[in-house]
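The values are calculated or read from the model by the stated rules, or taken from the named source; none is laboratory data. Values in this document were obtained by computation on a predicted structure and should not be read as measured data. Virtual Cβ from ideal backbone geometry, glycine too; neighbours counted across all protein chains shown. Keep in mind that these areas ignore ligands, DNA and RNA; they rest on the heavy atoms of the full protein, side chains included. Shrake-Rupley method; radii C 1.70, N 1.55, O 1.52, S 1.80 Å.
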Amino acid sequence: MTYVALKRELSPTAAAVQFFNAIPSAVNLGQGREVDDPEGKIGDLLKADLKTSCKYNSAPGGEMALREAAAGWIERFMGIPATAATTFLIQQLGREGLGHALKVAALKKEPGSIAILPDTRWPMVDEKLEDERLGAAEYKVQRKGMAEEIDTIIQKNGKKVSSLYLNFPHNPTGMHITADENKKIMGVLEAANASGNTIVRIDDIPYFGGCNQNAEAPYLQLGYDGVLSAESKTPWAAIFSFSKAFGTANPGMTIIVVHPSIAAEVSKRLTRTTGLAYVPAFFDHFAEILKPENDKDVLAHFAALNKKYKINRKALEEAMGNMVLEGDPGMTSLVEVPEELFGRTVSCADGQDRTMNDLDDIIEFLGNEGVITVNNGGRLLRLAQAAHPDQFVDGVNRLKAALDKIRNSPMAEAA
């Protein structure tokens, strides 16, 4: 049997995708791609054919009627203040929205500024910081105490801080933020910006579809009730990618809602970058989806995602125990590989013995044992929970069996 090598020169996610392509019989717990798309009228609108045209669009972020529909949808579902003037749509992935927000923040500072980031995060965030030549300082993702850590970083770095990046529900732990902790963080930013600083708050929110729901608007329990305001001293940008919630990674759909003080800057950026690159018919279809009469169908789709994530998270915790890092049901979770598994020599599927010297060695072994995972740094494996429960349980069982095989293998002999 051929033993497939992991392409370690690629980024962790790209390596996982190529690894799965080379081992299609494996269960893919690596790629956080939703497998359940909306059905019915919403699904039909999303899947309608798109046509190219030589005509240039003239409205950055969409026509005002669409932006008004999007603003109303964001307020109903998220409870975040939005108007047509402060809401923009781009037929792009969420990473483009993140890039625009980081650029707007960086331009307010002298070269050499920094962004404040969570200690575990989507690898693309670091790549976007590299694009803007931004440094980074980290706070720990936790239930309480983030506001105090963020405040300490701001006090230490002063006006070098250009932005604070928040990502809840969090990739990769799945952890949600409470409104209380969120308000404390906003209070820290308000105090800093009241004293002459300009720190832009950036909220990256692509995993809203799996949240618990309220019976009335705002429908999704995001932890943002009363947090963001059009009157705040703190400029902010909230980015909602629909790649996961509606399966729009191809061709891309993202809503960006911003504080009024930076709306003109964002509009200018969209005019000279990605804001005019969209298919009007697709935007028209999306405007139809955002109408209040479709809210019930959207919520039903989101409820199905929420149910699946809860089932899969429970299965993961039951199988892996305290190896699963603290978090909540959602698209992703983190599993910490015990230190004792490193340095062991394992008999592999091709009959060869290999030593597990680092996490990539373990990920490579896991893939050849039938389960794909992602290197999240250190001893952390990132797992996606988008698979249907029966397939997910199969993948988790394969993961547990493979890790047990390593654990029961002998330590490598000293050279």
Next item on the list: Taking amide H positions as placed in the peptide plane 1.01 Å from N, state which residues far from VAL346 in sequence (5 or more) or on other chains have amide H under 5 Å from it.
Entry: ARG354, THR355, MET356
Next item on the list: Give, rounded to the nearest 20 debye, the magnitude of the charge dipole that the chain has about its Cα centre when Lys and Arg contribute +1 at Cβ and Asp and Glu contribute -1 at Cβ.
Entry: 800
Notebook entry, point to check: Which angle between 0 and 90 degrees, to the nearest 10, do you get for helix 179-194 versus the longest principal axis of the chain when only C-alpha atoms count?
Noted result: 60
Next item on the list: For the chain, find the longest principal axis of its Cα atoms and tell me its angle to the long axis of helix 280-289, 0 to 90°, nearest 10.
Entry: 90
Next item on the list: Over the chain, average the accessible area per residue using a 1.4 Å probe and give it in Å², no decimals.
Entry: 43
Note to self: Eigenvalues of the Cα gyration tensor times 5, then square-rooted: what semi-axes does that give for region 63-187, in whole angstrom, largest first?
What the structure shows: 25, 19, 14
Next item on the list: Any chance you could tell me what percent of the C-alpha pair distances in the chain go past 41 Å?
Entry: 17
Check: Karplus couplings for region 256-268 from phi (6.51 cos²θ - 1.76 cosθ + 1.60, θ = phi - 60°), rounded to Hz, Gly and Pro as x?
Finding: 10, 10, 10, 5, x, 5, 10, 4, 5, 5, 5, 4, 5
Next item on the list: Please give the length that would be gained between ALA179 and GLU138 if that part of the chain were fully extended, namely 0.36 nm times their separation in residues minus their C-alpha to C-alpha distance (nm, one decimal).
Entry: 12.7 nm
Item checked: Phi to ³J(HN,Hα) by Karplus 6.51 cos²θ - 1.76 cosθ + 1.60 over region 314-322, Hz, x for Gly, Pro -> 4, 5, 5, 5, 5, 7, 9, x, 6
Checklist line | Estimated 222 nm signal from helices in the chain, with DSSP H stretches of n ≥ 4 weighted -39500 (n - 2.57), rounded to 500 | finding: -12000 deg cm²/dmol
Checklist line | 5 angstrom amide H check on VAL374, placed H, neighbours 5+ away | finding: ARG382
Note to self: Using only the heavy atoms of the protein chains and a 1.4 Å probe, how would MET78, MET64 rank by accessible area, largest first?
What the structure shows: MET64, MET78
Next item on the list: Compare the peptides 92-99, 226-233 by average per-residue count of other Cβ atoms within 10 angstrom and give them in order, highest first.
Entry: 92-99, 226-233
Checklist line | Where the Cα pairs of region 132-188 fall when distances are cut into 5 Å bins, in % | finding: 4, 17, 30, 24, 16, 8, 1
Notebook entry, point to check: Of the cross-linked pairs LYS310/LYS405; LYS47/LYS244; LYS244/LYS314; LYS109/LYS144; LYS244/LYS296; LYS244/LYS400, which ones have a Cα-Cα span greater than 23 Å in the structure shown?
Noted result: LYS310/LYS405; LYS109/LYS144; LYS244/LYS400
Margin query: Output wanted: per-residue J couplings in Hz (rounded whole) for region 386-401, from phi through Karplus 6.51 cos²θ - 1.76 cosθ + 1.60, θ = phi - 60°, x for Gly and Pro.
Written below: 7, 5, 4, x, 5, 5, 5, 4, 4, x, 5, 5, 5, 4, 4, 5
Note to self: Sequence gap at least 6, Cα distance under 8 Å: using those rules, report the relative contact order of the chain to the nearest whole percent.
What the structure shows: 24
